[in-house]
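The structure under discussion appears below in the form of structure tokens.
The values are calculated or read from the model by the stated rules, or taken from the named source; none is laboratory data. Quick caveat, the model's predicted, so the values are computed rather than measured. Virtual Cβ from ideal backbone geometry, glycine too; neighbours counted across all protein chains shown. The area values use the complete protein model at the heavy-atom level, side chains included, leaving out ligands, DNA and RNA. Shrake-Rupley method; radii C 1.70, N 1.55, O 1.52, S 1.80 Å.
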Amino acid sequence: MALEKYNLNVTIVALAVVTLVLFSCNAEGQSQNKQEPPSIYCKLAEDKELCQLLVEGANTAVEATTRAINISIVIAKKMEPMVDKFIKSLDMAPDSKNTVINTCNKDYQKVIDNLSAALNDVNKGDTAGGNAKLLTPTMIDCVASLDQCNVAAPLVKKAKQELDTYAQTCALVAKSG
């Protein structure tokens, strides 16, 4: 039992560190971007600082959207094993835990598949198709399965919120081009 609590604490610390790294990267981008004029591709974005970070250096709408989606794919792939490790460390009945793990793994695969398909659409000139895929909500089934098991998992909900923000920002970048 003590080892399980230790593993849970290590996992929580790891997720907190990743969140801090993501926010510090965003903060560095904010401080640098305050000196530059805002990108024309971020005019519709709600989170202007995140958008600036995602499209930095882009010269065309397709390039801006491609950069934003590629970064979002990288973020999703980096978050997945940490959320998976966190879920595996939860004190739950084995059957429930396996169900939650499978559901969350499928949700993460959907996130990456949707981002990749959106990138493919944008590269083919189908911005509308790309936007539809980017605006598909993320991680709904994962969060719902944790809620059904009465497991408070604020880190998973935060990961879902971050992935939604990245995807929505990508869609707004595509739309503004």
Please work out the average accessible area per residue across the range 71-113, using the 1.4 Å probe convention, and give it in Å².
52
Using the structure shown, list the pairs from K85/K124; K88/K124; K97/K158; K48/K97 with a Cα-Cα distance above 29 Å, or answer none.
K85/K124; K88/K124; K48/K97
Find the accessible area per residue for the range 122-171; the probe is 1.4 Å, ligands and nucleic acids are left out, and the unit is Å².
48
Theoretical FRET efficiency, 1/(1+(r/R0)^6), r = Cβ-Cβ of L135 and T99, R0 30 Å, to 0.05:
0.65
Residues of type lysines that K43 reaches as a straight line, Cα spacing below 17 Å, ignoring anything fewer than 8 places off in the same chain
K34, K175
Qualifying trypsin sites (Lys or Arg not before Pro) for the range 37-127 [loop in DSSP, other Cβ within 10 Å: at most 12]:
K124
Ranking by accessible area, most exposed first, for L50, L135 with a 1.4 Å probe
L135, L50
C149, C42, reordered so the largest accessible area comes first (probe 1.4 Å):
C149, C42
If you count only protein heavy atoms and use a 1.4 Å probe, how large is the accessible surface of S96, to the nearest 10 Å²?
40
